[in-house]
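Following: one structure in structure tokens, then a few remarks.
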Amino acid sequence: MIVPLAHFLILSLIIFCIGLYGALTRRNAVGILMSVELMLNAANINLVAFSRFVSPQSGTGQIFAVFVMALAAASVAVGLAIVICIYRNHRTIAADKIDLMKW
Amino acid sequence: MTELFNTALTPWEWTQLISFYGIAALMIVAALMVVTLRNIFHSALGLAAVALGAAAIYLMLDAEFLAFVQILVYVGAVVTLIAFMVMLTQRASHGKLVRQSNDQKTISFIVVLSLFALLIWKIPTTVWNTTVSTGNLADAKTLGTAFLKEYIMPFEVISIVLLVALIGAIVLARREPK
Amino acid sequence: MSLLELTDKLIQWVSEMARTQGYSPEWAGFFTAIAIMLAVGGFVLGFISVVAMLLIWMERKVSGHMQSRIGPNRVGPFGLFQSIADAVKLLLKEDIAPKMVDKPVWWLAPIIIVVPAVLSFLCFPFHKGWIPLDLNLGLLFIMAIGSVSVIAIFMAGYGSNNKYSLIGGMRTVAQIISYEVPAILAIVPVVMLAGSLSFGQIIEAQSFRWNLFSLWGIVSFIIYVISGTAEINRTPFDIPEAESELVAGYHTEYSGMKFALFFVAEYTNMVIVSMIASAVFLGGYYLPFGLGASPVWMLLKVFAMIFLLMWFRWTFPRLRVDQMMIFGWKVLLPISFANIAWVGIWMALKL
């Protein structure tokens, strides 16, 4: 592997930062969910890169990445259900408009 | 970085370098699309592009199984579900005049920038405990064995989590029968 | 001699030649490898276009005979050149872009839908050792690549900015992701028994006895053919493009070359489903009971499967959306799970 580990980490860092910015600033609930997915993807790149460079034979990082993917899929499924529920009741999915619990 | 270009590279190493930086640039542009575009459907397509780019990076890191699973799960399931969400809530997210970002823009930017600065300063200076790969790399067989031996407990737990998420999603999304 | 050995020999030979001529052997080998890749890619593309044209002719001919007509018979012998005439017509046709479409999305959709279809063809098992891309995870690769087409269909449906397209696109996606599950689960018993996901090894495991010659094999095969038909939106499951309700579904707004690309992708996907069915259940290039092996058998099996899919089209009436979903989730899925459990128990008892 000619590309050094640090470059994979920096790529992952950039995508993580973009995702974090999106999660903090997006108003649309679906947009927030997408930003979270970006962050999970960035974490996965990190895990796989470490797996390849630190323990290439056991592939522990890849196993972690599979778990992260399963959790990402689960979170999107539940997120879809919640968004549909909120949309049905409030006719909006802007996260700052859904303030029923805030008094 | 400089010592990289002092040594003569073989053609395959050139290919690797060029494809890595090309894919990385594409992924960053797509990620910026996800967080900045007004049209939320275009953002979802950006997410699909990021997922495909990540799959290519996994292929480069000799993780074929993970790369294909990434495409299957992210492009086939996650982005599809998100696109469904966009379609079903079309009216709420439609229209170019709807403001897409909230009032925390400046403060978020500062927070993200400071995190970025901290890590970009630390990552190149840290000495990582890397090993040169000798012998067989981890393949699908290694992963399968590990899932059913050392990691059997997390594996079962993740299955339960998926089942619970499935049931929860159905319960939340269905209409109450009158 | 297999494809891989042949390319290795060629690269070695060119490197040696370069060394004697005083050039860098590494770069010479590199460019040879690239040239071989391009040649294989070009061969696959040519194969696809010939097969797609042949299939369009075959579809019209088969439909004609099933309806007591003759079908195309004017252009060339038996109307064989009808598809070429059609292709020329589509190329020369004006390419109309409706005013309100979402331009970038609408433009990219037909291109993106062709890419996975073409890539899957790289795994076509012509003969022993003659698979352009025999990956260890070949089946997983095809399944993963196939799921990219879902995004393209979404793009076409959304980008057209037309309610028929949108409804058609959403129906297609719902149908594809529902039937992908039984399709994958139907293949799982084969993978369990062969112990591999590569096409080469799965076919080698059937060199004497096809997977079809057993109870679980028949069940898996039927489940796979049904869900494969649903995944490529062929007739009993053509709800996404039901002419009578949705005009043409997600490709309503496309014309000219872009429409042709959707058409090619549809027929290519048909070949891929037939290819997987023949490789995984019908022994690929092998005749049963060790009677022989040849690329001819592979192609014959693929065309027989395609004929079966065309036969379906004129035999079964179209299902309703809810019937189709119920059939996929409440009938096919439990049967395929039971099938996997049965094969697993059988393997455990045998070992």
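The values are calculated or read from the model by the stated rules, or taken from the named source; none is laboratory data. Remember, predicted model here, so these are calculated numbers, not experimental data. When we count neighbours, we look across all protein chains shown, and the Cβ atoms used for this are built from the backbone with ideal geometry, even at glycine.
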Only one of C:T235, C:T229, C:T268 that is surrounded by fewer than 22 Cβ atoms within 10 Å (Cβ to Cβ) and either without any contact (Cβ under 8 Å) to a residue 12 or more places away in the chain or of a type outside the set (A, V, I, L, M, F, W, C) (or both): C:T235
Search result, residues across region C:20-34 that are surrounded by 13 or more Cβ atoms within 10 Å (Cβ to Cβ) and in a helix (DSSP H, G or I): C:P25, C:E26, C:W27, C:A28, C:G29, C:F30, C:F31, C:T32, C:A33
Qualifying residues in region B:32-42 (those that are in a helix (DSSP H, G or I) and surrounded by fewer than 23 Cβ atoms within 10 Å (Cβ to Cβ)) - the one farthest from the other protein chains (Cβ to nearest Cβ): B:M33
Condition met for B:K141 (under 23 Å from the mean Cα position of the chain (by Cα) and closer than 30 Å to A:F53 by Cβ): no
Residue within region A:69-83 that is under 13 Å from the mean Cα position of the chain (by Cα), β-branched (V, I, T), buried (at least 17 other Cβ atoms within 10 Å of the Cβ) and at the interface with chain B (Cβ under 8 Å from one of its Cβ atoms) present: yes
Selection count where residues are surrounded by fewer than 16 Cβ atoms within 10 Å (Cβ to Cβ) and in contact with a Leu (Cβ under 8 Å, 6 or more places away or on another chain), scope region B:139-155: 0
Neighbours by Cβ (under 6 Å, 6+ apart or cross-chain): first from region C:124-149, over 15 Å from B:G76 (Cα atoms); second among the polar types (S, T, N, Q) and at pLDDT below 80: C:G129/C:S2
Among the residues listed as C:A152, C:A156, the single one being over 26 Å from B:Y58 (Cα atoms), more than 15 Å from the chain's Cα centre (by Cα), surrounded by 22 or more Cβ atoms within 10 Å (Cβ to Cβ) and modelled with pLDDT of 85 or more: C:A156
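Per-residue answers, yes or no, for (1) surrounded by fewer than 24 Cβ atoms within 10 Å (Cβ to Cβ); (2) facing chain C (nearest Cβ under 10 Å); (3) assigned to a helix (DSSP H, G or I):
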| position | (1), (2), (3) |
| --- | --- |
| B:A30 | yes, no, yes |
| B:A44 | no, yes, yes |
| B:D62 | yes, no, no |
| B:F68 | no, yes, yes |
| B:L72 | yes, yes, yes |
| B:V75 | no, yes, yes |
Members of region C:13-30 that are without any contact (Cβ under 8 Å) to a residue 12 or more places away in the chain and under 23 Å from C:I131 (Cα atoms): C:W13, C:F30
All helices (runs of 4 or more DSSP H) inside region C:182-291 with 2 or more residues being assigned by TED's automatic domain parsing to the domain that holds C:W329 and among the acidic types (D, E): C:243-246
Entirely in region C:102-163, the helices (runs of 4 or more DSSP H) that have 3 or more residues that are of a type in the set (A, V, I, L, M, F, W, C) and away from chain B (no Cβ under 11 Å): C:103-120
Lone qualifier among C:A28, C:A35 - being under 27 Å from the mean Cα position of the chain (by Cα), among the aliphatic types (A, V, I, L, M), within 14 Å of another protein chain (Cβ to nearest Cβ) and closer than 25 Å to C:E16 by Cα: C:A35
Criterion violated by B:V98 - all others in (1) modelled with pLDDT of 85 or more; (2) at the interface with chain A (Cβ under 9 Å from one of its Cβ atoms); (3) under 23 Å from A:S35 (Cα atoms); (4) exposed (fewer than 15 other Cβ atoms within 10 Å of the Cβ) satisfied: (1)
Selection within region A:87-99 - more than 9 Å from every other protein chain (Cβ to nearest Cβ) and in contact with a helix residue (DSSP H, G or I) (Cβ under 8 Å, 6 or more places away or on another chain): A:K97, A:I98
Matching option when the condition is within 30 Å of B:K105 (Cβ to Cβ) and basic (K, R), among A:R52, A:R26: A:R26
From C:D134, C:D102, residue being within 18 Å of the chain's Cα centre (by Cα) and either assigned by TED's automatic domain parsing to the domain that holds C:A265 or within 30 Å of B:G46 (Cα to Cα) (or both): C:D134
Residue match in region B:2-23 (condition: under 25 Å from C:Y158 (Cα atoms), at pLDDT below 85 and not in a loop (DSSP other than H, G, I, E, B)): no
Criterion violated by C:I326 - all others in (1) over 13 Å from C:S207 (Cα atoms); (2) crowded, with 16+ Cβ neighbours inside 10 Å satisfied: (2)
Residue, nearest to the other protein chains (Cβ to nearest Cβ), within region A:1-41, restricted to residues that are under 15 Å from the mean Cα position of the chain (by Cα) and among the aromatic types (F, W, Y): A:Y21
Flag for A:Q57 being under 17 Å from B:I57 (Cα atoms) and facing chain B (nearest Cβ under 7 Å): no
Region C:281-306 residues that are closer than 21 Å to C:D134 by Cα and surrounded by fewer than 19 Cβ atoms within 10 Å (Cβ to Cβ), paired with ones that are of a type in the set (D, E, K, R) and at pLDDT below 85 (beta carbon under 8 Å, 6 or more apart): C:A293/C:K128
Residues satisfying the stated conditions in region A:46-59, i.e. surrounded by fewer than 24 Cβ atoms within 10 Å (Cβ to Cβ) and in contact with a helix residue (DSSP H, G or I) (Cβ under 6 Å, 6 or more places away or on another chain): A:N46, A:L47, A:F50, A:F53
Every pair of residues 6+ apart whose Cβ atoms lie under 7 Å, when the first sits in region C:170-181 and is under 16 Å from B:V86 (Cβ atoms) and part of a helix (DSSP H, G or I) while the second is modelled with pLDDT of 85 or more and among the hydroxyl-bearing types (S, T, Y): C:V173/B:T80; C:I177/B:T80
Number of positions in region B:112-148 that are closer than 30 Å to A:L24 by Cβ and either at pLDDT 85 or above or part of a helix (DSSP H, G or I) (or both): 14
